[in-house]
Amino acid sequence: MTTYDIAVVGGTGPQGKGLGYRWARHGHRVVLGSRSAERAEATAAEIARRVPDGRVSGASNADAAAGAQVVVLAVPYAGHDDLVASLADSLAGKVVISCVNPLGFDKQGPYGLEVPGGSAAESAARLVPDARLVGAFHHVSAPTLWGNDDYLHHEDVLVCGDDEDAKAVAVELARAVTSRDGIDAGRLRIARQLEPWSAVLISINRRYKTRSGTYISGIPGR
């Protein structure tokens, strides 16, 4: 497996921290980004205690993104566009993986938000046209990512994008999470379906008090 230098923008949140932990366990160099470098460093130290031989550190979002080969956007949708625009210079030319889920919550439960342009991933692609945008890791459970299981065997990572080489990076990075390659789900516009699917999983989890995942069956060789 290729070893990457990965920046996780929003790496102090549950999803970002869990992904950073999984990648650090598998030998990738991980820099957690945050609006507060001190908070990022504290979260990195938390991962380092669980992965003593891992290469993980913390920095500001801008510094994390600037030094990485692969940048993962693991931030809330609120303020997403402003943050991505502020990092445009650091994201240009790089593989950028968006796992942002634009969701709303009300008394009836979670639901997908209407996003101008279709999806958060597509919004990021428009804001940084020189970046190689991929949508992936939307549905993996944050508590399970941080858990003790070696792999999340009951889940698959669905990957969408218009750059085949960039998609291949996300497909490979999925191995550290599920033990399997991610699944190529199609063009970047498929993010319009992948992002709100998280609302379905949250509803199922609440109803059945579980941590369900999305697993794709019927693919040859799996």
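Okay, here's what the table says:
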| read-out | value |
| --- | --- |
| The range 160-186 residues that are closer than 14 Å to residue 70 by Cβ, paired with ones that are in a strand (DSSP E or B) and open to solvent by 30 Å² or more (accessible area, probe 1.4 Å) (beta carbon under 8 Å, 6 or more apart) | 161/132; 163/132; 165/132; 166/132; 167/184; 171/184 |
| Residues satisfying the stated conditions in the range 187-205, i.e. of a type in the set (D, E, K, R) and touching a residue at least 40 places away in the same chain (Cβ under 8 Å) | 189, 192, 195 |
| Sole residue being hydroxyl-bearing (Ser, Thr, Tyr) and at pLDDT below 95, chosen from 203, 179, 212, 198 | 212 |
| Residue list for the range 114-168, restricted to those being touching an Asp or Glu at 6+ places or on another chain (Cβ under 6 Å), assigned to a strand (DSSP E or B) and crowded, with 24+ Cβ neighbours inside 10 Å | 159 |
| Every pair of residues 6+ apart whose Cβ atoms lie under 9 Å, when the first sits in the range 118-131 and is under 12 Å from residue 99 (Cα atoms) and at pLDDT below 95 while the second is open to solvent by 30 Å² or more (accessible area, probe 1.4 Å) and not polar (S, T, N, Q) | none |
| Residue list for the range 178-190, filter: in contact with an Asp or Glu (Cβ under 6 Å, 6 or more places away or on another chain), open to solvent by less than 40 Å² (accessible area, probe 1.4 Å) and not hydroxyl-bearing (Ser, Thr, Tyr) | 183, 188 |
| Single match in 215, 208 (criterion: surrounded by fewer than 16 Cβ atoms within 10 Å (Cβ to Cβ), without any contact (Cβ under 8 Å) to a residue 24 or more places away in the chain and within 18 Å of residue 143 (Cβ to Cβ)) | 208 |
| Residues being open to solvent by less than 30 Å² (accessible area, probe 1.4 Å), under 18 Å from residue 53 (Cβ atoms), touching a residue at least 40 places away in the same chain (Cβ under 8 Å) and not hydroxyl-bearing (Ser, Thr, Tyr) - total across the range 2-30 | 4 |
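The values are calculated or read from the model by the stated rules, or taken from the named source; none is laboratory data. Just so you know, these numbers come straight off a predicted model, no measurement behind them. Counting neighbours? That spans all protein chains shown, and the Cβs are built from the backbone with ideal geometry, glycine included. Heavy atoms of the whole protein, side chains included, go into the accessibility calculation; ligands, DNA and RNA do not. Shrake-Rupley method; radii C 1.70, N 1.55, O 1.52, S 1.80 Å.
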